[in-house]
Amino acid sequence: QVRLVESGGGSVQAGGSLRLSCVVSGYTHSDGCMAWFRQAPGKEREGVASIVRGGSNTYYGASAKGRATILYDNANNTVYLHMNSLNPEDTAMYYCAADARYLLCVTAVTNPRRFDFAYWGQGTQVTVSS
(Lines give C-alpha, C1' and ligand atoms only; values in the text may rest on other atoms or scores of the structure.)
Protein backbone atom coordinates (compact mmCIF):
# COMPACT_ATOMS: atom_id res chain seq x y z
CA GLN A 1 0.00 0.00 0.00
CA VAL A 2 2.24 2.77 1.26
CA ARG A 3 5.59 2.66 -0.43
CA LEU A 4 8.70 4.72 0.04
CA VAL A 5 11.48 4.18 -2.43
CA GLU A 6 14.83 5.85 -1.91
CA SER A 7 17.45 6.42 -4.53
CA GLY A 8 20.61 8.39 -5.03
CA GLY A 9 22.92 6.59 -2.67
CA GLY A 10 26.37 5.50 -3.63
CA SER A 11 30.01 6.24 -3.12
CA VAL A 12 31.23 9.81 -2.95
CA GLN A 13 34.46 11.47 -1.96
CA ALA A 14 34.92 13.68 1.05
CA GLY A 15 33.98 17.23 0.27
CA GLY A 16 31.41 16.14 -2.24
CA SER A 17 27.68 16.23 -2.02
CA LEU A 18 24.74 13.89 -2.13
CA ARG A 19 21.24 14.17 -3.44
CA LEU A 20 18.84 11.55 -2.22
CA SER A 21 15.27 11.21 -3.32
CA CYS A 22 12.34 9.34 -1.87
CA VAL A 23 9.21 8.72 -3.88
CA VAL A 24 6.12 8.17 -1.78
CA SER A 25 3.07 6.38 -3.09
CA GLY A 26 -0.15 5.20 -1.53
CA TYR A 27 -0.01 7.88 1.14
CA THR A 28 -2.87 10.32 0.82
CA HIS A 29 -2.49 12.44 3.94
CA SER A 30 -2.11 16.09 3.08
CA ASP A 31 0.01 16.74 6.13
CA GLY A 32 2.34 14.85 8.36
CA CYS A 33 6.08 14.51 8.53
CA MET A 34 8.64 13.36 6.03
CA ALA A 35 12.07 12.66 7.39
CA TRP A 36 15.48 11.31 6.61
CA PHE A 37 17.26 9.11 9.10
CA ARG A 38 20.61 7.45 8.96
CA GLN A 39 22.28 4.67 10.83
CA ALA A 40 25.83 3.46 10.73
CA PRO A 41 26.94 0.07 12.04
CA GLY A 42 27.27 0.14 15.80
CA LYS A 43 25.65 3.54 16.11
CA GLU A 44 22.23 4.76 17.09
CA ARG A 45 19.70 5.87 14.55
CA GLU A 46 20.10 9.56 13.85
CA GLY A 47 17.60 12.00 12.47
CA VAL A 48 19.16 13.97 9.65
CA ALA A 49 16.34 16.22 8.55
CA SER A 50 12.59 16.47 8.54
CA ILE A 51 9.93 18.53 6.90
CA VAL A 52 6.27 19.07 7.63
CA ARG A 53 4.43 17.81 4.60
CA GLY A 54 1.58 20.26 4.81
CA GLY A 55 3.75 23.23 5.59
CA SER A 56 7.20 24.60 5.21
CA ASN A 57 8.76 23.91 8.60
CA THR A 58 12.04 22.08 8.40
CA TYR A 59 14.22 20.62 11.11
CA TYR A 60 17.80 19.46 11.00
CA GLY A 61 19.96 17.31 13.16
CA ALA A 62 23.06 18.82 14.68
CA SER A 63 25.38 17.02 12.29
CA ALA A 64 23.47 18.21 9.24
CA LYS A 65 22.50 21.72 10.16
CA GLY A 66 24.13 24.28 7.93
CA ARG A 67 25.02 21.89 5.13
CA ALA A 68 21.83 19.98 4.45
CA THR A 69 18.56 20.87 2.85
CA ILE A 70 15.38 18.85 2.84
CA LEU A 71 12.81 19.57 0.18
CA TYR A 72 9.39 18.20 -0.51
CA ASP A 73 7.86 18.20 -3.97
CA ASN A 74 4.16 17.95 -3.30
CA ALA A 75 3.25 17.55 -6.96
CA ASN A 76 5.44 14.48 -7.34
CA ASN A 77 5.22 13.20 -3.78
CA THR A 78 8.96 13.19 -3.52
CA VAL A 79 11.17 14.25 -0.67
CA TYR A 80 14.78 15.15 -1.32
CA LEU A 81 17.83 15.43 0.83
CA HIS A 82 20.77 17.54 -0.29
CA MET A 83 23.91 17.54 1.76
CA ASN A 84 27.17 19.24 1.01
CA SER A 85 30.67 19.01 2.44
CA LEU A 86 30.44 15.32 3.09
CA ASN A 87 32.92 13.61 5.33
CA PRO A 88 33.52 9.96 6.22
CA GLU A 89 31.33 10.37 9.31
CA ASP A 90 28.37 10.77 6.98
CA THR A 91 28.75 7.18 5.84
CA ALA A 92 25.57 5.35 6.77
CA MET A 93 22.43 3.75 5.53
CA TYR A 94 19.96 6.52 4.86
CA TYR A 95 16.27 5.88 5.31
CA CYS A 96 13.25 7.82 4.24
CA ALA A 97 10.29 7.77 6.60
CA ALA A 98 6.79 9.17 6.76
CA ASP A 99 4.16 9.58 9.41
CA ALA A 100 0.83 11.35 9.61
CA ARG A 101 1.78 12.86 12.94
CA TYR A 102 3.49 16.06 11.92
CA LEU A 103 4.83 16.61 15.41
CA LEU A 104 7.20 13.74 14.81
CA CYS A 105 9.22 16.14 12.70
CA VAL A 106 10.53 17.58 15.93
CA THR A 107 11.32 14.32 17.66
CA ALA A 108 12.92 12.97 14.49
CA VAL A 109 15.94 15.20 15.01
CA THR A 110 15.92 15.48 18.80
CA ASN A 111 14.93 12.04 20.04
CA PRO A 112 14.45 9.79 17.01
CA ARG A 113 13.50 6.75 19.07
CA ARG A 114 10.77 8.44 21.07
CA PHE A 115 8.14 7.75 18.42
CA ASP A 116 8.47 5.33 15.56
CA PHE A 117 7.48 6.47 12.11
CA ALA A 118 4.70 4.50 10.50
CA TYR A 119 6.31 4.01 7.12
CA TRP A 120 9.87 3.38 6.08
CA GLY A 121 11.77 2.94 2.90
CA GLN A 122 14.27 0.17 2.32
CA GLY A 123 17.23 2.48 2.73
CA THR A 124 20.03 3.58 0.47
CA GLN A 125 23.68 3.27 1.34
CA VAL A 126 25.91 6.32 1.28
CA THR A 127 29.63 5.79 1.57
CA VAL A 128 31.98 8.74 1.85
CA SER A 129 35.64 8.10 1.14
CA SER A 130 38.43 10.30 2.40
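The values are calculated or read from the model by the stated rules, or taken from the named source; none is laboratory data. If you're wondering where the values come from, they're calculated on a predicted model, not measured in any experiment. Heads up, the Cβs are rebuilt from the backbone with ideal geometry, glycines too, and the neighbour counts pull from every protein chain shown. Note: areas computed on protein heavy atoms with side chains; ligands, DNA, RNA excluded. Shrake-Rupley method; radii C 1.70, N 1.55, O 1.52, S 1.80 Å.
Observations
- In a residue-by-residue description of region 6-25, the property of being within 15 Å of residue 102 (Cβ to Cβ) and in contact with an Asp or Glu (Cβ under 7 Å, 6 or more places away or on another chain) applies to no position.
- The residues listed here are 68, 92; of these, the one that is of a type outside the set (Asp, Glu), in contact with a His (Cβ under 9 Å, 6 or more places away or on another chain) and crowded, with 18+ Cβ neighbours inside 10 Å is 68.
- Filter pass, residue 40 being in contact with a strand residue (DSSP E or B) (Cβ under 8 Å, 6 or more places away or on another chain), touching a residue at least 40 places away in the same chain (Cβ under 8 Å) and within 19 Å of residue 9 (Cβ to Cβ): yes
- Any pair with Cβ under 8 angstrom, 6 or more apart, that starts in region 56-71 at a residue that is in a loop (DSSP other than H, G, I, E, B) and ends at one that is at pLDDT 95 or above and surrounded by fewer than 16 Cβ atoms within 10 Å (Cβ to Cβ): 63/89; 67/84; 67/85
- Residues of region 95-122 that are over 20 Å from residue 30 (Cα atoms), part of a loop (DSSP other than H, G, I, E, B) and open to solvent by less than 60 Å² (accessible area, probe 1.4 Å): 112 alone.
Per-residue answers, yes or no, for (1) within 22 Å of residue 115 (Cα to Cα); (2) outside any loop (DSSP other than H, G, I, E, B); (3) within 11 Å of the chain's Cα centre (by Cα):
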residue	(1), (2), (3)
15	no, no, no
35	yes, yes, yes
50	yes, yes, yes
81	yes, yes, yes
89	no, yes, no
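- Residue pairs whose Cβ atoms lie under 7 Å apart, sitting 6 or more positions apart in sequence or on different chains, and linking a residue in region 84-105 that is in contact (Cβ under 8 Å) with a residue 12 or more places away in the chain and more than 22 Å from residue 33 (Cα to Cα) to a partner that is open to solvent by less than 50 Å² (accessible area, probe 1.4 Å) and of a type in the set (D, E, K, R), are 84/67; 85/67.
- Matching residues, region 25-38, being open to solvent by 10 Å² or more (accessible area, probe 1.4 Å) and either modelled with pLDDT under 95 or more than 12 Å from residue 90 (Cβ to Cβ) (or both): 25, 26, 27, 28, 29, 30, 31
- Taking every residue in region 110-130 that is under 12 Å from residue 37 (Cα atoms) and modelled with pLDDT under 90 and pairing it with any residue that is open to solvent by less than 80 Å² (accessible area, probe 1.4 Å) and part of a loop (DSSP other than H, G, I, E, B), at least 6 positions away or on another chain, the pairs with Cβ-Cβ distances below 9 Å are 112/45; 112/61; 113/45.
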